[in-house]
Structures are given as C-alpha cells and as structure tokens.
Amino acid sequence: MASRKHILIIDDDPFIRRLFGAKLASAGFEVLYAAKGHVGREMARRFMPDLVILDINMPETDGYEIARLLRHERKTKDIPVVFLTSEDFSAEAEKAVKEVYVVDYIHKGIDLDEFIKRIKKAISAKNIDSERHQEKKVSDGK
C-alpha cells in the first residue's frame, strides 16, 4: 500500500490553516501546520513533506524569502512549493514566483475541489521528475 502524502501548510491565519488542512485531510493527505515562515522551514527540514503550501504575506518573513531559502538548501531543494495567496498576481509577481521556483500559485478564494486537483497535480509532477531523475542515474550507471 502506498504511503500517504504529507503536506506542510505555512500560513499565519488559523482559519486558512484549518479550512485548507481539513480539505486536504479529507482527501487522504497527512497535514502538518506552521504559523510562521521560519518554523515552517524547520519543519520542512525535519519532516521532508511531499509538498509545501506557503502563504506570501506573513509577519516576520514573507513567503518569497521562505521559498528562496527552501530552494537553496540541499535537503529541501526538491520539495515543491505552492503559494496560497489572497493576492492577484501582476506580471512582476509572476516573474518573482518563477525566480523562487514555486510550482503553482493558488488564490485563497478557489473552489476547494479545484484546490485538491491542483495540489495532486503539483505532487504528481514532483513524482514524475523524481522517476526521471532515478532513470537517468540508472542509465548513467550511477
């Protein structure tokens, strides 16, 4: 039996954590929570979730900085990050998202069933990339 996927939600709003966390749990995911960016970063290092859902606007450290730190650390660099935000993205914001390698950004007003579809897509894309990487290592004789 396949193990359940773990998702870490980093958001300072307890309502958002509960709302999206409950939907993820009902879809079969194990959900971890952090209310602050640096706490979430430590949890990502410790628990190595399959995906991080990250709020952009948080006190102390914003989502862009946490995404950048996760991406530049060897241990967490391959964990996909999805922004969950109430912002509407400008062209500059979309460019900034690509620069920190965020795989998707989801508006907090999204239909919850659509939210689950997008999260599953982000996780399956990670699994496909991991399989390709493993195949390349085998074909390279490593």
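A27 passes every criterion in (1) closer than 17 Å to K77 by Cα; (2) touching a helix residue (DSSP H, G or I) at 6+ places or on another chain (Cβ under 6 Å) apart from (1). Is it true that some residue in the range 116-138 is outside any helix (DSSP H, G or I) and at pLDDT 90 or above? No, the range 116-138 contains no residue that is outside any helix (DSSP H, G or I) and at pLDDT 90 or above.
Tell me, yes or no, whether the range 82-104 has at least one residue that is buried (at least 16 other Cβ atoms within 10 Å of the Cβ), at pLDDT below 85 and not in a helix (DSSP H, G or I). Checked against the condition, which is being buried (at least 16 other Cβ atoms within 10 Å of the Cβ), at pLDDT below 85 and not in a helix (DSSP H, G or I), the range 82-104 yields at least one hit.
In the condition set (1) in a helix (DSSP H, G or I); (2) among the basic types (K, R); (3) touching a residue at least 12 places away in the same chain (Cβ under 8 Å), R18 is compliant with all but (3).
Scanning the range 26-66 for residues that are out of contact with any Asp or Glu (no Cβ under 8 Å at 6 or more places or on another chain), assigned to a loop (DSSP other than H, G, I, E, B) and at pLDDT below 95, we see that the one that is nearest to I116 (Cα to Cα) is D62. For the range 20-47, a residue qualifies if it is surrounded by fewer than 16 Cβ atoms within 10 Å (Cβ to Cβ) and not polar (S, T, N, Q), and the qualifying residues are A22, A25, G28, E30, H38, V39, E42, R45, R46, F47.
The values are calculated or read from the model by the stated rules, or taken from the named source; none is laboratory data. Remember, it's a predicted structure, so these values are computed and weren't measured experimentally. Quick reminder, even Gly has a Cβ in these numbers, built from the backbone with ideal geometry, and neighbours come from all protein chains shown.
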